[in-house]
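Structure, as structure tokens:
Please treat every number below as a calculation from the coordinates, not as lab data. This one's a predicted model, so the numbers in the text were calculated from it and none came from an experiment. When we count neighbours, we look across all protein chains shown, and the Cβ atoms used for this are built from the backbone with ideal geometry, even at glycine.
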Amino acid sequence: MTTGIEPACQEVAYPEAVNLPFNFSSVKAEFEFRAPASELQTAECYWVIIQGTATILEETHTGLKLPHGSLPDWLVAKHPSICIGSWRGKPLRVVSADSNLTPPPPFVCKDFNASDESMDIQTLTLAGMAKQILHWDRQSRHCSRCGAFTETIPGTWGRHCNVCNVEHYPHIHPCAIVLVKRGDELLLTRKAEWVAGRYSLVAGFLDFGESLEECAIREIREETGIEVCNVRYVGSQNWPFPAQLMAGFVADYEAGDICVDLNELEDARWFRSDELPLLPGKRSIARWIIDNFK
Ligand SMILES: [Zn+2]
């Protein structure tokens, strides 16, 4: 007997990092991405409704689905919806819902992240893209230089300020995430706020004047006291929380003993590759790197 929503069961394998959820390849077969100026006017749409860290989906006997049809009458939108292209031949519109809204059944409000496997990877990827676009829409309404209202630059995701004549384009922040190897051991770390017992990879934001490899080396040194060599790029994942690009690396141990930066981490330690702790979900590049390079 089945009860409720079954897991999406697509966690077989991601042969390359490009296949991971949140990356465009997950949806490209059925999604045509368009900048907002080329908006289609039609009542029949798919909707990605973002409410804070969640998305509102329709619960059906075959799983969680994007709402479909005209604008749901129960939806209290904070701002006009944005058409971001077409999905399965129909316009796909993104909109943010008021935080007080409780959708009526069969609609449910579903927190989404790479650990959750209750929605299929296409829905998860579209939700991530919508969240990232709505974040940019909110951040870019005013010029960051002079404070005036901005206008869309037709055919792009950019915004133009007519007062100081500056153009603004989406801000996507690069991060390095890195697996450190020492023989058959892996260096894994955990933050206090994570699920008990779960460890993952060192990761951090790119700083001024750094290459991504230099960022990886610095983050490992700062967070764990370990020096590494042979840093090599292995793949990347778009990370819409709210707007990162995770660039994945593998590095070899060179020197040093673990010294945990307790401002950032709760723990860091070496694990044998056949005795690994609880790890991030298979939808994350952290897990993809561990599974492919341990
Ligand atoms: Zn301006």
Relative to the longest principal Cα axis of the chain, at what angle does helix 121-139 sit, 0 to 90 degrees, rounded to 10? 80 degrees
Within region 40-135, how many lysine pairs that are 8 or more places apart, or on different chains, have C-alpha atoms less than 15 Å apart? 4
What the Cα atoms of region 108-248 span along the principal axes, largest first and in whole Å, is 57, 44, 26
Would you mind checking the radius of gyration and Dmax of region 173-293 based on alpha-carbon positions, in Å? 13.1, 38
Whole-number D in µm²/s for region 220-261 (Stokes-Einstein; Kirkwood sum over Cα pairs; 10 °C, 1.306 mPa s): 135 µm²/s
Within region 170-202, list the residues whose amide N lies under 17 Å from a label point set 7 Å along Cα→Cβ of I153. 170-172
Would you calculate the separation in nanometres between label points at Y169 and F24, each defined as 7 Å from the Cα along the Cα-to-beta-carbon direction? 1.3 nm
According to a simple spin-label model (label point 7 Å from Cα along Cα-to-Cβ), what is the distance in nm between D267 and D116? 2.7 nm
Please give the Cα centre distance for region 224-294 versus region 149-202, rounded to the nearest Å. 16 Å
Jot down the per residue volume, in cubic angstrom and as a whole number, of the convex hull over the alpha-carbon atoms of region 17-139. 112 Å³
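I need K28, K78, K131 ordered by Cβ neighbour count within 10 Å, fewest first. Before the final figure, lay out the partial values.
Details: K28 11, K78 14, K131 24.
So the residues, fewest neighbours to most, are K28, K78, K131.
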Relative to the longest principal axis of the C-alpha atoms of the chain, give the angle of the C-alpha long axis of helix 212-224, reported between 0 and 90° and rounded to the nearest 10°. 60 degrees
Rg/Rh for region 186-236: what does it come to with C-alpha atoms and Rh from Kirkwood? 0.98
Per the Cauchy relation, a quarter of the hull surface: what is the mean projected area of the convex hull of the alpha carbons in the chain, in nm²? 18.0 nm²
